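The values are calculated or read from the model by the stated rules, or taken from the named source; none is laboratory data. Not measured: the values here are computed from a predicted model. Counting neighbours? That spans all protein chains shown, and the Cβs are built from the backbone with ideal geometry, glycine included. Note: areas computed on protein heavy atoms with side chains; ligands, DNA, RNA excluded. Shrake-Rupley method; radii C 1.70, N 1.55, O 1.52, S 1.80 Å.
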Number of protein chains: 2
Amino acid sequence: MKKISIIKSNGAKDFFSPEKVANSLIRAGAGQDEAEKISQEVEKKIKNGDTTADIYRQAFFLLRRYGKPLAVRFSLKHAIMDLGPSGYPFEQLIGRILEKEGYKTSFPNVIFGKCVGHEVDVIAENSKEKIMIEAKFHNQPGFRTDVKVALYVRARFEDLIAVPKNNFSSCWLITNTKFSEDALKYARCAGVNAVGWGYPKEKGLENMIDASNLYPITAMPSLSRNEKRLLLDNNIVVCTDIKNIEKLVSIGIKKEKAEVCLKEALEITKANS
Amino acid sequence: MKKISIIKSNGAKDFFSPEKVANSLIRAGAGQDEAEKISQEVEKKIKNGDTTADIYRQAFFLLRRYGKPLAVRFSLKHAIMDLGPSGYPFEQLIGRILEKEGYKTSFPNVIFGKCVGHEVDVIAENSKEKIMIEAKFHNQPGFRTDVKVALYVRARFEDLIAVPKNNFSSCWLITNTKFSEDALKYARCAGVNAVGWGYPKEKGLENMIDASNLYPITAMPSLSRNEKRLLLDNNIVVCTDIKNIEKLVSIGIKKEKAEVCLKEALEITKANS
């Protein structure tokens, strides 16, 4: 079989590997057969000089034939990491999801506890509760949020509730990573509501995103890294924020790309609705 | 004036700068005149191809003429950083200092709190108190220990004292860095006894070391990086641990170097006694 030369995201050359694509698809939840079929189809379509982003996109679109939510899930983990390097867009995403769940959200920055002022990432409140949320963002794959984070979130919460007017009812720690075992054990025991990648089972971050249908714009395969940055810098964080072409053009996206982008955003958000 | 070519610790070449040496000395507490005189004397003694370590050593010995404690202080901050990369020798140093202050110390590793097991670095106890110590080591200059560390130390302490048999009376956070303002504010308010570089004023880490006369072996200019590592790996952490030449030779230090080393260790420890 001829070898197809592709370009990785760091600019280095590599050979296309159908196994790698299949494995990625399996990790995303595709069946073995499905994953192999898709990777073979991708192999037929790509050509020398294509980028891993092109391959990604092909796999993404083919995967949708087998189940649209799966296709988005496939890219979701990377898409969230692409929200970085700052944690701000991730905080925005968390805020949007909680709004959809009926909370009023705010991003207060500093709130004063008994001892010091704390940088609170997100506050979510409704008639019954007022939640202090630490949104812990990492853009390195393989990182685990450890017990020290759960500990300092708890201590921060203690310091904040020592001031009655702050009136927080609970503290959450939401991250895009997995947790260490001790972090989970401590969080459960000490009353820190932990949400991360795959945790709690069936109610982790990816499920919150699926349930709210709020996919980060970084999940859109048509956008380049710079275009993603442009959207994020303009507070366009989730696909449902993309409502018309004019808005995209006004912030500097080319008209043709804006059209593709709007179509893609609608497809992604329709996929799960 | 002729330029003298020297070799930096990373192997790169540079020209000798008397200003740099003088500035280092002034930072360490030498007066302007003193610093200039010493840097000029160093300049006379060094030759092409000498290393920064050689220069350091010359300045160190000359500085002692003007005040022996100052000379050790000159190298102390770097010496502590050289205890790394792992935090273990720093924990040992803290333990040794507290023993000198009359505590019995132990390095228990894991102690179970109400929720989880915690890695406690050092425990120091006497008839009146039992202290949980977090020894926070950094080998990057310029780093500040921030409020999150003070917060998690406090939460860890809370979790530990929720188990009565642990019986801790207080928690300390000892670091070789400076603290952020918020870290200090929180620590004072929440009852975390914070000790760092220059904090508390007159009772910071450098003062604890001066008072105990327990200088890390990494302060000895005669030792190469590898020799320092060899000593640390053999639990020879402070200069007073160096008592005879045989012990040094038995762990792999050459006899000639061991003789210099013993003399130097005695000089450093005598300097402050």
Residue check, A:ASN235 against (1) surrounded by fewer than 17 Cβ atoms within 10 Å (Cβ to Cβ); (2) without any contact (Cβ under 8 Å) to a residue 60 or more places away in the chain, all met but one. Which one?
(2)
For the stretch B:18-38, give me each residue that is in contact with a Ser or Thr (Cβ under 9 Å, 6 or more places away or on another chain), at pLDDT 85 or above and open to solvent by less than 50 Å² (accessible area, probe 1.4 Å).
B:PRO18, B:VAL21, B:ALA22, B:ALA35
Mind listing whichever residues of the stretch A:195-231 are of a type outside the set (D, E, K, R), open to solvent by 10 Å² or more (accessible area, probe 1.4 Å), closer than 18 Å to A:ARG96 by Cβ and assigned to a helix (DSSP H, G or I)?
A:ASN207, A:MET208, A:ALA211
The number of residues in the stretch A:78-123 that are surrounded by fewer than 15 Cβ atoms within 10 Å (Cβ to Cβ) and within 14 Å of chain B (Cβ to nearest Cβ) is 5
Restricting the stretch B:157-194 to residues that are open to solvent by 50 Å² or more (accessible area, probe 1.4 Å) and more than 24 Å from A:VAL163 (Cβ to Cβ), the one nearest to the chain's Cα centre (by Cα) turns out to be B:LYS178
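Condition check ((1) away from chain A (no Cβ under 14 Å); (2) free of Cβ contacts under 8 Å to residues at least 12 places away in the same chain) across all residues:
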site	(1), (2)
B:LEU160	no, no
B:VAL163	no, no
B:ASN167	yes, no
B:TRP172	yes, no
B:PHE179	no, no
B:CYS189	no, yes
B:ASN193	yes, no
B:TRP197	yes, no
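Those residues that are farther than 18 Å from B:ARG96 by Cβ, open to solvent by 40 Å² or more (accessible area, probe 1.4 Å) and not in a loop (DSSP other than H, G, I, E, B), I need them from the stretch B:238-269; list them, please.
B:GLU246, B:VAL249, B:SER250, B:LYS255, B:GLU256, B:LYS257, B:GLU259, B:VAL260, B:LYS263, B:GLU267 - these are the residues of the stretch B:238-269 that are farther than 18 Å from B:ARG96 by Cβ, open to solvent by 40 Å² or more (accessible area, probe 1.4 Å) and not in a loop (DSSP other than H, G, I, E, B).
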Taking the stretch B:124-139 and the residues there that are of a type outside the set (Asp, Glu) and assigned to a loop (DSSP other than H, G, I, E, B), the one that is farthest from the other protein chains (Cβ to nearest Cβ) would be B:SER127
Can you find even one residue in the stretch B:249-262 that is more than 23 Å from B:ILE94 (Cβ to Cβ) and in contact (Cβ under 8 Å) with a residue 40 or more places away in the chain?
yes
Failed condition for B:VAL147, given (1) farther than 19 Å from B:SER169 by Cα; (2) more than 14 Å from every other protein chain (Cβ to nearest Cβ), with all others met?
(2)
Quick one: what pairs do we get from the stretch A:13-24, first residue under 14 Å from A:ALA53 (Cα atoms), second part of a helix (DSSP H, G or I), C-beta under 6 Å, 6+ apart or different chains?
A:VAL21/A:SER39; A:VAL21/A:VAL42; A:VAL21/A:ALA59
